[in-house]
Amino acid sequence: MSLLRHASSAMQWILAVALLVTLGVVVTNAVRQWRDLAGGIPGSTTSPDTMAPPVSAPPGAVRLPVLLLAGDVRVRLGDTASQVAALLGRGAEVGRFEVERTAEGDRLVRFYEHGDVRFLLVFSLRESPQNPEVVGIFTY
């Protein structure tokens, strides 16, 4: 009887620990997804909601904080041009790009195609012209 009681108690502790570990994993994943979708660029004064769309954006272009592509590829606000190139490859660029002058500074607009998705990325040239950060994502 004593052995059965100790085994039952140990099993309860094992189940409690497993439940806490599972809860921790679920909460961590939920927070990570919330941060991905919340967007925003740390230290940026231009939020994605107040940034004017590029002049070259096609009519009906939709602004996104995160672009989810096939193969679990994600382009996020704050990614650098080199990170985007590593994610998508140079073949995704459709060869068209423009530099726009705005009150917030110059920005580079590049057009991409990945699978069936056509989109453009707006990069801020103010902080780092050599490796600018994504400040706008638009699909069309």
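The values are calculated or read from the model by the stated rules, or taken from the named source; none is laboratory data. In this text the structure is predicted, and so the values were computed from the model without any measurement. Virtual Cβ from ideal backbone geometry, glycine too; neighbours counted across all protein chains shown. These area figures cover heavy atoms from the full protein model, side chains too; ligands, DNA and RNA do not enter into them. Shrake-Rupley method; radii C 1.70, N 1.55, O 1.52, S 1.80 Å.
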How big is the range 71-140 on each of its three principal axes, counting only the C-alpha atoms and giving the largest first in Å? 35, 20, 17
Output the 0 to 90 degree angle, nearest 10, between the alpha-carbon long axis of helix 2-38 and the longest principal axis computed from the alpha carbons of the chain. 10
Calculated Kirkwood radius over Cα pairs in Å (choose from [x] 17.6; [y] 15.5; [z] 20.8), label: [x]
Can you give the helix-only mean residue ellipticity at 222 nm for the chain, where every DSSP H stretch with n ≥ 4 adds -39500 (n - 2.57) and the sum goes over all residues, rounded to the nearest 500 deg cm²/dmol? -11000 deg cm²/dmol
Nitroxide proxy distance, nm - points 7 Å out along Cα→Cβ at GLU113 and VAL31: 4.2
When the chain is modelled as a GNM with alpha-carbon springs shorter than 10 Å, which of VAL122, VAL25, VAL84 fluctuates the most? VAL25
Label zone at VAL55 (point 7 Å along Cα-to-Cβ), backbone N below 16 Å, the range 98-122: 98-110
Tell me, what % of the accessible area of the chain is carbon and sulfur with a 1.4 angstrom probe? 60
Just want to confirm a number: the relative contact order over the chain, from Cα pairs under 8 angstrom separated by 6+ residues, in percent. 22
Accessible surface, per residue, of the chain when the full set of protein chains is kept, probe 1.4 Å, Å²: 66
